[in-house]
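Just below is one structure, and these are the notes that go with it.
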Amino acid sequence: MNATIRISILAAAMIAAAPAALADSDHRAKALAMMKQDFVTKGQATADRVSEDGLQAICNRTGNKPPEKIAQRLEADQMAAVKYPADGKLMGDWKAGEKIAQSGRGFTWSDEPGLPVGGNCYNCHQIAPKETSFGTVGPSLFHFGKLRGNTADMQKYVYGKIYNAKSFSLCSEMPRFGHIGALKEAQIKHLVALLLDPESPVNK
Ligand code: HEC
């Protein structure tokens, strides 16, 4: 799991786990102080990753349940910032996608800056059947294309979801891979193919 993802999960967990007797702001201040003590900048793994952005702040302060109208507006803002490929092609090579889904490398202090970052998808999802070790934070994606089809709309949904999960579900726990610059356009296309290509083992 890369450092950004690990820290954001930790931050969410620590803030959510604080006891109810203290005021919210006290919890937050204590949790942040604790994290800032432990997470120090080392190489490309900068400590500012502990800081939430405005959108995450709304989720953190409302128990992941912001008022619906606000959530819809913010989702629309996130959606408008999704950069779709200029060539209009959203499906790459599922074999390359499987390697990206398997890889949890990248963005840590021990990774060489500039090298491609992994998608770490198995950490939260069941995907292709050959990989039997997977997390269950997210839903199973096995048979995703078989069940949902691979129409232009479905390709667009999956590309956008990987680019920025929060453009569909504001307080999603899925990292915003494209939005934060972790995954590049070609990598996201390969992942779309992994999930939607009829030849991918995901859909066999
Ligand atoms: C930290 C956990 C986590 C990681 C890592 C993660 N996801 Fe997710 N993902 C989730 C969760 C939780 C959901 C369900 C909530 C939502 O829809 O946002 C989800 C939903 C999805 C969906 C929508 C499923 C549906 O039924 O519409 C897709 C597609 C998806 N993830 C693909 C991926 C891919 C591809 C990767 C790797 C690049 C990935 N995820 C990495 C947690 C994760």
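The values are calculated or read from the model by the stated rules, or taken from the named source; none is laboratory data. Source: prediction; values computed, not measured. Heads up, the Cβs are rebuilt from the backbone with ideal geometry, glycines too, and the neighbour counts pull from every protein chain shown.
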Return yes or no: is Ile127 of a type in the set (A, V, I, L, M, F, W, C), more than 6 Å from the ligand (Cβ to nearest atom), surrounded by 21 or more Cβ atoms within 10 Å (Cβ to Cβ) and touching a residue at least 60 places away in the same chain (Cβ under 8 Å)? yes
Residue that is nearest to Asp24 (Cα to Cα) [pool: residues in the range 40-73 that are within 17 Å of the chain's Cα centre (by Cα) and in contact (Cβ under 8 Å) with a residue 40 or more places away in the chain]: Asn60
Going through the range 155-183 one residue at a time, which ones are more than 20 Å from Pro116 (Cα to Cα) and outside any helix (DSSP H, G or I)? Phe168, Ser169, Leu170, Cys171, Ser172, Glu173
Residue check for Leu194: within 9 Å of the ligand (Cβ to nearest atom), surrounded by 14 or more Cβ atoms within 10 Å (Cβ to Cβ) and over 24 Å from Glu75 (Cβ atoms): yes
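Results for (1) outside the structural domain of Asp53 (by TED's automatic domain parsing); (2) surrounded by 18 or more Cβ atoms within 10 Å (Cβ to Cβ); (3) over 15 Å from Val158 (Cβ atoms); (4) of a type in the set (Asp, Glu), shown as yes or no for each residue.
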site	(1), (2), (3), (4)
Asp77	yes, no, yes, yes
Asp87	yes, no, yes, yes
Trp109	yes, no, yes, no
Gly114	yes, no, yes, no
Val117	yes, yes, yes, no
Phe134	yes, yes, yes, no
Pro139	yes, no, no, no
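Quick grid of which residues meet (1) more than 7 Å from the ligand (Cβ to nearest atom); (2) within 21 Å of Leu55 (Cα to Cα); (3) aliphatic (A, V, I, L, M):
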{"position": "Val137", "(1), (2), (3)": "no, yes, yes"}
{"position": "His143", "(1), (2), (3)": "yes, no, no"}
{"position": "Lys146", "(1), (2), (3)": "yes, no, no"}
{"position": "Gln155", "(1), (2), (3)": "yes, no, no"}
{"position": "Tyr163", "(1), (2), (3)": "yes, yes, no"}
{"position": "Ser172", "(1), (2), (3)": "no, yes, no"}
{"position": "Pro175", "(1), (2), (3)": "no, yes, no"}
{"position": "Gly181", "(1), (2), (3)": "yes, yes, no"}
Any chance the range 75-95 includes a residue that's in contact with a strand residue (DSSP E or B) (Cβ under 8 Å, 6 or more places away or on another chain), more than 13 Å from the ligand (Cβ to nearest atom) and within 30 Å of Thr41 (Cα to Cα)? no
